[in-house]
1. Count the lysine pairs in region 67-153 that are 8 or more places apart or on different chains: how many have C-alpha atoms under 19 angstrom apart?
2. Using 0.36 nm times the number of residues separating GLU114 and ASN71, minus their current alpha carbon distance, what extension gain do you get?
3. In angstroms, what radius of gyration and Dmax does region 12-123 have, counting Cα atoms only?
4. Please get the size of the charge dipole for region 67-153, origin at its Cα centre, with Cβ charges of +1 on Lys and Arg and -1 on Asp and Glu, quoted in debye to the nearest 20.
5. Just for the chain, what percent of DSSP beta bridges are antiparallel, to the closest 5?
6. How tilted is helix 241-252 with respect to the longest principal axis of the chain? Cα atoms for both, answer in degrees (0 to 90, nearest 10).
7. Cα to Cα, under 16 Å, and not fewer than 8 places away if on the same chain: which lysines meet these conditions relative to LYS229?
8. Might you tell me the accessible area per residue for region 138-215, computed with a 1.4 Å probe and given in Å²?
Amino acid sequence: MKLSQFKFNLPESLLATEPSEQRDESRLMVLHRDSGKIEHKIFKDVLDYFDDKDVMILNNTKVFPARMYGNKEKTGATIEVFLLRELNKELRLWDVLVDPARKIRVGNKLYFGEDDLLVAEVVDNTTSRGRTIRFLFDGTDEEFRRNIEILGETPLPKYIKRKATPEDKFRYQTIYAKNEGAVAAPTAGLHFSRELMKRLELKGVEFAEVTLHVGLGTFRTVEVEDLTKHKMDSEQFIISEEAARTVNKGIDEKRRICSVGTTSMRAIESSVSADKHLKAANDWTSKFIYPPYDFSIANSMITNFHTPESTLLVMIAAFGGYENVMNAYEVAVKEKYRFYSYGDAMLII
C-alpha cells in the first residue's frame, strides 16, 4: 500500500489539546471488523464488550518528565533539552535532542534550574539535533532522579502548543504506569479510570501487563510513499512469563484478547512463537505493521484516533481493514470526535 492512501482531511479544531473531564467519559467509537458497523458510545461502555476470562493487554510504561530547559555557559542562551533515554546509569550519560541545535557543540556545558541544580556537558553529536550529554552529579541515583522530577516538564506532544501544567503530569500518564522509560504516553490507556478497571476486574476480565518504552519515533512522519521502505525507530519492550501465560490461556480458551493501544500491539507482535502464542521477552523492536498483515495474538484492540499518514493509522487499517477504518475516520471527523493524544477512543472488535 501507498502512504497517500492514508490521507484524510482533519480540521485542526479536532486535535485534542486538553484531556476529557473524566478519563472514562471520553467518547468511544466501536467498529465491527466483520461488517464495518459503527456504534457511538462513551468509553466506560467498553465494559459491555468484555466478559469473564477475556484478556486486556496493557502497556505499563511510565512517562518521565523528559523536557528540560537549560542555559548555555557564557552566553546564558536558553536551550530545550529533550531526554530520550539513559545510555549509562553510572556515568549518567543520556541520549537527548537539543533546540536550537546549531548553538550546542561538543564540550559545551549546560546549566539547569535555580542554583544550577544540575549541570551537563555535551560529549558527542549523534544526529543534526541529537547529542549525548553527561550530567556532572555526585549524589545518589535517587537524588539525581528527584532533580530530574523537579526540573523536567511533562513531554506533551509538540502539537499541544501550551505549557505543561501540574494536571498534565497526572493526566498524560496511565493509572497503571509502573516502569519508567517512555517519552510519550501510550494514549489508549489514558481512558482507563480506577473505577472502570475495578468494574472490569469484577466482571472477570484479566489484565496482562507488558512494557514498551514509547520513543519520539511514535510521532515521526513517514517520508516515503512506498510503506515497505519506512524504517521505525527501535523501542525496548518487556513481556514477562506471567503476562505470556495469561494471554496464552486466553488464546487457548478462544477468549477476546484486546490489545490496549498500538504500543501493546507492537510489543506482542514482536514476540510470537511458531504456534502463534506469546513468548516472554526483553528485547528491542523496530516492527512496522502495515496492510496486509496477519495478526497472531489480539483479536480486538482499543486505540485513539490518529493523524493522517501516520504509522499508527497504517497499523489500525491493517487490523480493522482499510475500507472499514478509513470510513470510520470519515465518520469520526463528521461527528467531531477528538483526535490524537488527549482525544477520544476506538474499540475494534
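1. 4
2. My answer for the length gained is 14.4 nm.
3. Rg, Dmax (Cα atoms, Å): 22.6, 65.
4. 560 debye
5. Rounded to the nearest five, the antiparallel share is 70 percent.
6. 20 degrees
7. The reachable lysines, counting only those whose Cα sits under 16 Å from LYS229, are LYS2, LYS287.
8. About 48 Å² of surface per residue is accessible.
The values are calculated or read from the model by the stated rules, or taken from the named source; none is laboratory data. All figures in this text were calculated on a predicted structure; none of them were measured in a lab. Cβ coordinates were reconstructed from backbone atoms using ideal geometry, including for glycine residues, and neighbour counts include every protein chain displayed. Just the protein is used for accessible areas: all its heavy atoms, side chains included, with ligands, DNA and RNA removed. Shrake-Rupley method; radii C 1.70, N 1.55, O 1.52, S 1.80 Å.
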